[in-house]
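Every read-out reported here was derived from the displayed coordinates using simple, explicitly stated rules and does not represent laboratory data. Nothing here was measured: the structure is a model prediction, and the numbers come from that model. Here the Cβ is made from the backbone with ideal geometry for all residues, glycine too, and neighbour counts use every protein chain on show.
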Amino acid sequence: MIVPDNLKTGIKKPCYYEPELNPTYYRFACHYNTVIIPTRVAKPRDKAKVESAVLTAERWIMAALRNHAFFSIEEVNRAVAEKLRELNSRWFQKMAGSRRSLYETIDRPALKPLPSTPYVYAECKKVRANIDYHVEVDHHFYSVPCELRKKQLEAWLTAKHGGDHV
C-alpha cells in the first residue's frame, strides 16, 4: 500500500472517499500489484507516523553531520548511509527492539518479490479520431478502425527502444 500526499500530479480528481488516480499512476500501481490510498486533504493525521519518522531521521542525521565539510555528493551519501544504519540499529526507549529488528521480524516476511519486468513509463493523452481514421500523437499519425471516427480516445505513449509507441 502506498500512502502519498494528495498530490496534484498523481490525483486526477480528489474525493473524500474515492479519489480518481492519474491513469499513468494507476498503471504503475497495477504493475507492482499495490494500491494507492492518498491522504485526505487537510488531514495530517493520515500520515502522522511517517512524518514523525522522517523528522526523527532528519534531525538525528543532520545534527550529527552539521559540522562536517563534504567535497562531493558521494561523500555526503556515504556519511548519511552510515548514520542511517546507526539510527536504524538504535534501541527504542519505550519498547523492545530497534527499527531494524522490527523491519526484519514484521515487514520483510510480508514483502513480495518485485515483478520480473520493470515498469515502463507511459503517458496517457486524449485524442480524437479524425474523419480520415487517424489520430495524431506527438506529430505522428496512427490509423484506427473506421467505427472510432470522430470519437474521443485515450492514447498511451511510451518511450521504448528509443522510439515512441502507441
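Screening segment 7-22 for residues that are surrounded by 11 or more Cβ atoms within 10 Å (Cβ to Cβ) and in contact with a Lys or Arg (Cβ under 7 Å, 6 or more places away or on another chain) and picking the one that is farthest from Ile37 (Cα to Cα) gives Asn22.
Checking each residue in segment 6-25 for being among the hydroxyl-bearing types (Ser, Thr, Tyr), touching a residue at least 24 places away in the same chain (Cβ under 8 Å) and outside any loop (DSSP other than H, G, I, E, B) picks out only Thr24.
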